[in-house]
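Read through the structure below, which is laid out as structure tokens, and then see the notes.
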Amino acid sequence: MVLVLVILIPVLVNSAGSAAHYEMLGTCRMVCDPYGTKSPTSTATADPAGDSGLVQSLPTFIQGPRGVPGRPGRAGPRGPHGEPGPPGPAGPPGDKGRPGLPGPRGPSSAAGAISAATYSTVPKIAFYAGLKKQHEGYEVLKFDDVVTNLGNHYDPSTGKFTCSIPGIYFFTYHVLMRGGDGTSMWADLRKNHQVRASAIAQDADQNYDYASNSGVLHLEPGDEVYIKLDGGKAHGGNNNKYSTFSGFIIYAD
């Protein structure tokens, strides 16, 4: 078919003249250029009506089915840090922690006092002493024959027990009266010049008699406890300890 058109086109052009030339040129273009492309020279001389009919006769294309989605792309670069958010609510209380280490040692207490932190059990405070020398009148009895003096709180030179650890103390005394002249003897247990216990011995039918008593006292550091005559004569026994004074702590505060 193409070979026939190639032979016939020059014959028709020569016989029909210029008008037929342009008509056949359009027909040839339809056959040779089915997609309707135009050259620069033919565009200016082509028939608009003929071109529009040619465009309308072009075949239409049917859209195919949707293709399969492609693979996900690579992750992009990390973005900048955002602004910090508001503080969250307070959480529940935690478990109780372990006890801390012992603190440093505190300052020393007043003179004569011992802190309760220096002992964990009942402190060892006790004394027992006898009377060697004779006493009479209103003297403080100085029990100078010391047998026991744990803690060294009793002073035989003054006859007084001085407290350094607060607590409850027990004291007892036995004083032998030196009689024979019909007189009596009084002996008092005193705490800071105040009488806390008294005893009397009378000379009736015998030359000697005992004055004895005891007491439980609460003491503070610095308190003094001693035995004082309130008249009469006290017998000393050299090393025989006829007259004695003793005491000890029951428990500390």
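Can you tell me which residue among TYR251, TYR226, TYR210 is part of a strand (DSSP E or B) and under 12 Å from LEU141 (Cα atoms)?
TYR226
So which residues in region 127-146 are in contact (Cβ under 8 Å) with a residue 60 or more places away in the chain and either outside any loop (DSSP other than H, G, I, E, B) or aliphatic (A, V, I, L, M) (or both)?
Selection gives PHE127, TYR128, ALA129, GLY130, LEU131, HIS135, GLU136, VAL140, LEU141, ASP145.
With the structure loaded, tell me whether GLU224 is closer than 15 Å to ALA126 by Cα, open to solvent by 10 Å² or more (accessible area, probe 1.4 Å) and of a type in the set (Asp, Glu) or whether it fails that test.
Yes; evaluated as a whole, the condition is true for this residue.
Quick check: anything in region 214-221 without any contact (Cβ under 8 Å) to a residue 40 or more places away in the chain, surrounded by 15 or more Cβ atoms within 10 Å (Cβ to Cβ) and over 19 Å from VAL146 (Cβ atoms)?
no
Given the options GLY137, GLY103, name the one that is surrounded by fewer than 10 Cβ atoms within 10 Å (Cβ to Cβ) and either at pLDDT 90 or above or of a type in the set (Gly, Ala, Ser) (or both).
GLY103
For VAL175, work out the one condition from (1) open to solvent by 30 Å² or more (accessible area, probe 1.4 Å); (2) in contact with a Ser or Thr (Cβ under 6 Å, 6 or more places away or on another chain) it doesn't fulfil.
The failed condition is (1).
The values are calculated or read from the model by the stated rules, or taken from the named source; none is laboratory data. This structure is a prediction, so every number in the text was calculated from the model and none was measured. Here the Cβ is made from the backbone with ideal geometry for all residues, glycine too, and neighbour counts use every protein chain on show. Areas reflect the complete protein model, heavy atoms only, side chains present, ligands, DNA and RNA absent. Shrake-Rupley method; radii C 1.70, N 1.55, O 1.52, S 1.80 Å.
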